[in-house]
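Take a look at the structure below.
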Amino acid sequence: FLGLCAVAVVGLNVYGAGYYFAPLATRVRHPLHAWLKPSGIVGQSLGLFAALLFLFLWLYPLRKKYSTKLSFTGKVGTWLDWHVAAGLMIPLLAATHAGWRFTGLVGLGYLAMFVVCLSGIVGRYVYVHIPRRRDGLELSREEIASERNRILFEFTAASGLRPSFVRDTLGGETGSLEGLGVLCALVTMIRQDVARRRAVRAIERELSRPGAPPIDRNTLDTVLKLARREMALAHQARMLDATHRIFRYWHVIHRPVAVTALFAVVTHIIVAIV
């Protein structure tokens with residue numbers, strides 16, 4: 001839904017490019033001014049939609065805090081997906097609502113909103129590196145080890161590959177990475193993600209080489225999915241403490257800026273109504 005809305009807003013910006021690029025003094029004589037100005041039919045509607053989405057963002061922290069009581073509202077992971085999608089959508093809506101002019105309190109609010117959006121992208125990337133169950137709750141180290149053993153057993157049985165090849169390909173690096181700094185930990189996450197993709201391609205080549213046991217497409221997809229899951233758990237287990245540390249630092253940045261954006265948006269709405 002939000003994806004379709006984003007496409008529609010982008011199309012609106014393309015259609016109204018002549019208005020948005022026009023100097024402020026000549027906009028009032030533009031035929032689209034009554035529609036696209038901040039208080040116009042379209043501009044104001046987009047502003048209200050952006051405000052509603054911004055308020056919706058604050059429901060996600062409540063869903064996390066009261067995870068047991070609000071479990072009937074859906075999985076935490078699904079809430080996070082909507083939270084991220086809404087966060088990415090709001091800057092586009094707000095910019096179009098403002099006619100791509102950012103002055104005074106609106107400029108402060110948009111800057112804070114944009115910083116929140118960028119930090120949210122980083123936070124989403126870090127979040128997915130914390131191993132979790134299907135219900136969104138974090139796995140313990142014992143649960144990680146048990147899940148890895150189960151995946152390796154299923155992988156070997158489904159793929160028919162030599163156990164030594166499985167260990168060498170999926171095993172990857174060993175040792176703890178808990179002493180890494182924040183920046184080094186982020187770089188390591190990215191490097192491991194790239195290495196995981198290479199390893200999956202190596203497994204696919206091994207299963208597709210001439211002389212390999214025949215394997216259908218569905219089984220191959222299952223095997224590759226198991227391989228990704230196993231390597232992800234291996235990497236995440238090694239960096240669990242470092243990932244938590246990054247997440248704590250991320251909250252220190254994300255939350256105050258989000259509150260600043262909320263203050264600016266609420267003040268802007270009150271002033272506009274008055």
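See the values below:
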| quantity | calculated |
| --- | --- |
| Where F165 falls short, out of the listed (1) open to solvent by less than 70 Å² (accessible area, probe 1.4 Å); (2) of a type in the set (A, V, I, L, M, F, W, C); (3) modelled with pLDDT of 75 or more | (3) |
| Subset of segment 100-151 that is charged (D, E, K, R) and open to solvent by less than 60 Å² (accessible area, probe 1.4 Å) - its residue that is nearest to the chain's Cα centre (by Cα) | R132 |
| Filtered residue count, segment 14-58, keeping only those that are of a type in the set (K, R) and within 33 Å of the chain's Cα centre (by Cα) | 1 |
| Filtered residues of segment 78-132 (kept if among the small types (G, A, S), on the phi < 0 side of the Ramachandran plot and assigned to a helix (DSSP H, G or I)) | A85, A86, G87, A94, A95, G107, G109, A112, S119, G120, G123 |
| Selection from segment 77-104 of residues that are modelled with pLDDT of 85 or more and among the polar types (S, T, N, Q) | T96 |
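For (1) open to solvent by 50 Å² or more (accessible area, probe 1.4 Å); (2) closer than 24 Å to S146 by Cα; (3) at pLDDT below 80; (4) touching a strand residue (DSSP E or B) at 6+ places or on another chain (Cβ under 9 Å), each residue gets a yes or a no:
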{"residue": "T222", "(1), (2), (3), (4)": "yes, yes, yes, no"}
{"residue": "A234", "(1), (2), (3), (4)": "no, yes, yes, no"}
{"residue": "R238", "(1), (2), (3), (4)": "no, yes, yes, no"}
{"residue": "R245", "(1), (2), (3), (4)": "yes, no, yes, no"}
{"residue": "A258", "(1), (2), (3), (4)": "no, no, no, no"}
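The values are calculated or read from the model by the stated rules, or taken from the named source; none is laboratory data. Source: prediction; values computed, not measured. A quick note on method: Cβ atoms are made from the backbone with ideal geometry, for glycine too, and the neighbour counts reach across all protein chains shown. Keep in mind that these areas ignore ligands, DNA and RNA; they rest on the heavy atoms of the full protein, side chains included. Shrake-Rupley method; radii C 1.70, N 1.55, O 1.52, S 1.80 Å.
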